[in-house]
Amino acid sequence: MGQAGTLILIMAAAVLAPLLAHFVGRWVRIPVVIFEIVLGILIGPDVLGWAHGGEIIDVLSDLGLSMLIFLAGYEIQFAAIRGDTLRRSVWAWVISLALGLGVALALTGLDLSRAVIIGTALTSTALGTVLPILRDSGDLEGRFGTVMMAFGAVGEFGPIIAMAVLLSGRKPGAATVLLAIFAAVTAAAVFVALRPRRPWFSQVIRSTLHTSAQFAVRFVMLLLVAMLALSQELGLDVLLGAFAAGLLTRLVLQGSAPESSEEILTRVEAVGFGFLVPLFFIVTGIEFDLASLLDGGRALVLLPVFLVLFVVVRGLPTYVLAPRDLSPLSRRALTIYSATCLPLVVAITAIGLDEGVVKKSEAAALVGAAMISVLVFPLLALRLRARERHIKPRMPQAPETEAW
């Protein structure tokens, strides 16, 4: 089937996925992303063979991943997560990286290149995937939501930085210099974004919000494309640019049109979650190497090993360093949410495959474990949070304090 036919199948799967999630939700709550990936596998070359990748499909899929990371960056509210919570989340990820690299070195027989790929993948948190689940359950609000945003943001941003330094193909020193240049340009953009906007800027946003001009949405897309182009020109991973664009967009919109920022975000999310993001997850299913996984042998053994390692490498440091004002049930839920991963695992393993560093079987096992984490971990975390809400009246209220 050609690219046009494949795109039709992908969009049909994108429409079918939320319907399945809705009907199955009567018995068990399953994230819609799982149906998107499974439907992608079903129509992909390893099952029905109806859909195949291609240049156009791959470009749209990359845009979907960039939009997912962009929306995750937009959700970050540093004013709420700074201080002790932010320090704890950073240290938890640093420990995860050291632990992940150590475990990966042991698994690969001290093969440093493979260890960097596997170790970095083990440290990621799928904040962009978890956010809709948190928002739908009401857990994004309050103290738990603030802490989850901090640990999730660092779990998403940290691996992107590690990819820029360790997986760029350059020496770490040169990669760090380029990263510093990107940081300097981003800091300058933040400075400009924080400056008061002229009245005409806010007026144009308001006057075109309900017209075909859509100035605000176009401006957001310009920021996203500009940051993607900057990161690409510097030889850094474009996901770094997408995340930075999300941060910048929040600053610009809340500074220039705070009364319209939520409506603007709704329109951008419609483009993202309505088209590009599901396309990324469905293409992930189409391109998933199911044959390598089902061949048995080492790949099938590695899948549960990687699933456990997500919890040990990413979850355990999170549990240990979680703020003490969280209840035990909330700390467990935070641990499980933090160990949920997928988008960056797909991106990191794709780099490893392109460079011939990791084997197809290892990549399939990593992505397969990440897919299971998205299916199982949020369900477990939701149950823990539901249990806490059920017993909360019998528990002493923990103060929501923040050390500065």
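Only helices enter the 222 nm calculation for the chain: every DSSP H run of n ≥ 4 contributes -39,500 (n - 2.57), and dividing by all residues gives -24500 deg cm²/dmol, rounded to 500. Look at where the Cα atoms of region 76-147 and of region 213-244 average out, and the two centres are 23 Å apart.
Want the number for S212 to F275: 0.36 nm per residue separation, take away the alpha-carbon distance, what's left? Each step should come with its number before you reach the end.
On the way: separation 63, 0.36 × 63 = 22.68 nm, distance 1.93 nm.
Computed gain between S212 and F275 is 20.7 nm.
What is the projected area of the convex hull of the Cα atoms of region 233-302, averaged over all directions, in nm²?
Numbers: hull surface 30.7 nm².
Mean projected area for region 233-302: 7.7 nm², to one decimal.
Where Rh is the Kirkwood radius over the Cα pairs of region 263-379, the temperature 20 °C and the viscosity 1.002 mPa s, what D in µm²/s does Stokes-Einstein return?
In µm²/s, the coefficient rounds to 135.
Dividing the alpha-carbon Rg of region 1-104 by 2.2 N^0.38 Å yields what? Can you show the working numbers first?
Numbers: Rg = 19.1 Å, N = 104, 2.2 N^0.38 = 12.8 Å.
Relative to the rule-of-thumb radius for its length, region 1-104 sits at 1.48.
Computed over region 269-331, the P(r) tail beyond 13 angstrom holds 76 percent of alpha carbon pairs.
Take the Cα radius of gyration of region 300-360 and divide it by 2.2 N^0.38 Å, with N its residue count; two decimals is plenty. The partial results should precede the final answer.
Working: Rg = 14.6 Å, N = 61, 2.2 N^0.38 = 10.5 Å.
Against the compact-globule rule of thumb, the ratio is 1.40.
Each residue of region 223-234 is assigned a 3J(HN,Hα), and the resulting list reads 4, 4, 5, 5, 6, 5, 5, 4, 5, 5, 4, 7 Hz, derived from the Karplus form 6.51 cos²θ - 1.76 cosθ + 1.60 (θ = phi - 60°), x at Gly and Pro.
If you put +1 on each Lys and Arg Cβ and -1 on each Asp and Glu Cβ, how big is the dipole of region 1-123 around its Cα centre, in Debye rounded to 20? Provide the component values of the computation, followed by the final result.
Numbers: 6 positive and 8 negative charges, 109 e Å.
Computed about the Cα centre, the dipole is about 520 debye.
Note on surface exposure: I286, I8 rank I8, I286 by accessible area, highest first, 1.4 Å probe.
May I ask you to order 11-22, 269-280 by the average number of other C-beta atoms within 10 Å around their residues, highest value first? Don't skip to the end; give the middle numbers.
Values: 11-22: 15.7, 269-280: 19.2.
Per-residue mean Cβ counts within 10 Å order the peptides as 269-280, 11-22.
The values are calculated or read from the model by the stated rules, or taken from the named source; none is laboratory data. In this text, all values refer to a predicted model and were calculated from it rather than measured experimentally. All Cβ positions, glycine included, derive from the backbone under ideal geometry; neighbour counts span all protein chains shown. Accessible surface areas use protein heavy atoms only, side chains included; no ligands, DNA or RNA. Shrake-Rupley method; radii C 1.70, N 1.55, O 1.52, S 1.80 Å.
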